[in-house]
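Undergrad: Take a look at this one; I'll ask things after.
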Amino acid sequence: MTGSVFEVLKPGGQPRQERVEELAELGFTWADLEDEEYWLDQLVVMNRDTYLELEQASARLWRILDRTVRYVHGNRALYELIGIPPILWDMLDICPLPEENLISRYARFDYAVSHDGSIKLYELNADTPTGYVEASIVTPWMCREAGIDSPNVRMKELVAAAWGVERPDTAACVAYGEHLEDSGTIEALVRHSGLDIRCVDCLELSIDHGIVKDGSGREIKRMFALYPKEWMAVDDGGDALAYSIETGKLTLFNPPHSILLQSKGLIAAAWGLYELGLLYTDDEREAIEKYLLPTYNKPVFSGNYVSKSMFGREGGSVQMFDGSGELEIKDEDGFDTSELFPSVYQMRANLPEIETAVGARRLLTGMFMINGQPCGLLGRAGGLITGNTSHFIAIGVR
């Protein structure tokens, strides 16, 4: 990779199992998943100038997408256009919009950062991003060992600042205590918040006349949940949960409006507004042109594009089309939500290939946004589509 903005360091000398056990003590208990190596004991080092541009790009795009949400908010025709389920419309209109740049206090951008340093945004997970333990605990640990800088050391203090304002009394995920990644994620967030917060299983919650209670009968008033809000349109009890939020009996984090940021349709809306010459300043237009990929609600491309559900997760529903418009590859591992929600169509930008201990892989670069600040790199090494079988690989800064 001569001339690349990335360098992949060789694995450390310690036996992997010893290091897996050490990481488990730190709270990262899913380094191996079903006998597969999820964690790669290697460090990707990014050129500092590239990191600084990525940080600045994230701050600029965050402001742009915040403005886009405020443009969309209250317009039900636009809600429909970006795939927001109608069951959530009243909730979005009744609940007050959070203050500027804080619609979500816990989010992650996913980018294709090429070997030459060019940066293109794939999507924003502004609702329920995971990878927090990998980024906030494992990455700084690996960077310290290697004598490499990690911007991720700020993540804990920014979570404490965010939750110091939101003050949830409960953190929830589905299958708490069984699903290692989601359980470990909310436990780390709770630990880093410094607050007295109880962790519970979403499946044990009950709702009666808008009052939400956990499995022990304790009333929940302020809850952080790793529960995708679009599933309120599908799950039994979704309407009851929406009602509890609309009536103010439950305050949810991330807030309801994070679903507007989460929709991949919002990026299509931003691109459309850019093309129409609406809303944005000259500086914002420059950032959109440089960092966003042309994205539409319809397949207007003749070739080299990607289709994906507006609420796809972990690569689910992604299909890649080649230069002649023929389907080249589709995700076979993630849950395909394209039958439940509309799709977007985005110009294709392939991820850079790196050599790892398990062979050639494509590198997806994540940047966490916590309390409105770009603050944490997350590397995923997989195929052309970064699905739920990809590996975690830490990224530091030279």
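The values are calculated or read from the model by the stated rules, or taken from the named source; none is laboratory data. Predicted model, so just to flag it, every value in this text is computed and none were measured. Note that we place each Cβ from the backbone using ideal geometry, even for glycine, and neighbour counts take in every protein chain shown. The accessibility values were calculated without ligands, DNA or RNA, using every heavy atom of the protein model including side chains. Shrake-Rupley method; radii C 1.70, N 1.55, O 1.52, S 1.80 Å.
Undergrad: Scanning the range 96-122 for residues that are assigned to a loop (DSSP other than H, G, I, E, B) and within 17 Å of the chain's Cα centre (by Cα), which turns out nearest to Trp62 (Cα to Cα)?
TA: For the range 96-122, the residue satisfying everything is Asn101.
Undergrad: Grab the helices (runs of 4 or more DSSP H) fully contained in the range 171-279, keeping just those with 3 or more residues being farther than 19 Å from Gly27 by Cα and in contact (Cβ under 8 Å) with a residue 40 or more places away in the chain.
TA: Qualifying helices (runs of 4 or more DSSP H): 238-246, 258-262, 264-276.
Undergrad: Could you run through the range 167-181 and say how many residues are surrounded by fewer than 21 Cβ atoms within 10 Å (Cβ to Cβ) and either within 19 Å of Asp235 (Cβ to Cβ) or β-branched (Val, Ile, Thr) (or both)?
TA: Result for the range 167-181: 5.
Undergrad: Against the definition (farther than 23 Å from Pro98 by Cβ, surrounded by fewer than 22 Cβ atoms within 10 Å (Cβ to Cβ) and free of Cβ contacts under 8 Å to residues at least 40 places away in the same chain), how does Val153 come out, yes or no?
TA: Yes.
Undergrad: Failed condition for Glu99, given (1) under 30 Å from Asn47 (Cβ atoms); (2) of a type in the set (Asp, Glu); (3) surrounded by fewer than 16 Cβ atoms within 10 Å (Cβ to Cβ), with all others met?
TA: Exception for Glu99: condition (1).
Undergrad: Out of Leu52, Leu33, I need the residue that is open to solvent by 50 Å² or more (accessible area, probe 1.4 Å), aliphatic (A, V, I, L, M) and closer than 30 Å to Ile267 by Cα. Which one?
TA: Answer to the selection: Leu52.
Undergrad: Under 9 Å between Cβ atoms, at least 6 apart or on separate chains: pull out the pairs that start in the range 320-344 with a residue that is free of Cβ contacts under 8 Å to residues at least 24 places away in the same chain and end on any residue that is open to solvent by 90 Å² or more (accessible area, probe 1.4 Å).
TA: Going by the 9 Å Cβ cut-off, the qualifying pairs are Asp322/Glu328; Gly323/Ser302; Ser324/Ser302.
Undergrad: If I go through the range 328-372 residue by residue, how many of them are outside any loop (DSSP other than H, G, I, E, B), at pLDDT 90 or above and not charged (D, E, K, R)?
TA: Within the range 328-372, residues that are outside any loop (DSSP other than H, G, I, E, B), at pLDDT 90 or above and not charged (D, E, K, R) number 17.
Undergrad: Could you check the range 220-273 and list, in sequence order, the residues that are open to solvent by less than 10 Å² (accessible area, probe 1.4 Å), among the polar types (S, T, N, Q) and within 14 Å of Ile94 (Cα to Cα)?
TA: Listed by number, the list holds a single entry, Ser244.
Undergrad: Further question: Among all residue pairs at least 6 apart or on different chains, which show Cβ distances below 7 Å where the first residue, located in the range 5-22, is closer than 26 Å to Glu53 by Cα and the second is of a type in the set (Gly, Ala, Ser)?
TA: Val5/Gly117; Leu9/Ala146
Undergrad: Now for a separate question. Among the residues of the range 346-365, how many are within 14 Å of Lys308 (Cα to Cα) and open to solvent by 50 Å² or more (accessible area, probe 1.4 Å)?
TA: 1
Undergrad: Which of the residues belonging to the range 201-210 are open to solvent by less than 50 Å² (accessible area, probe 1.4 Å) and either of a type outside the set (A, V, I, L, M, F, W, C) or touching a Lys or Arg at 6+ places or on another chain (Cβ under 9 Å) (or both)?
TA: Asp201, Leu205, Gly210
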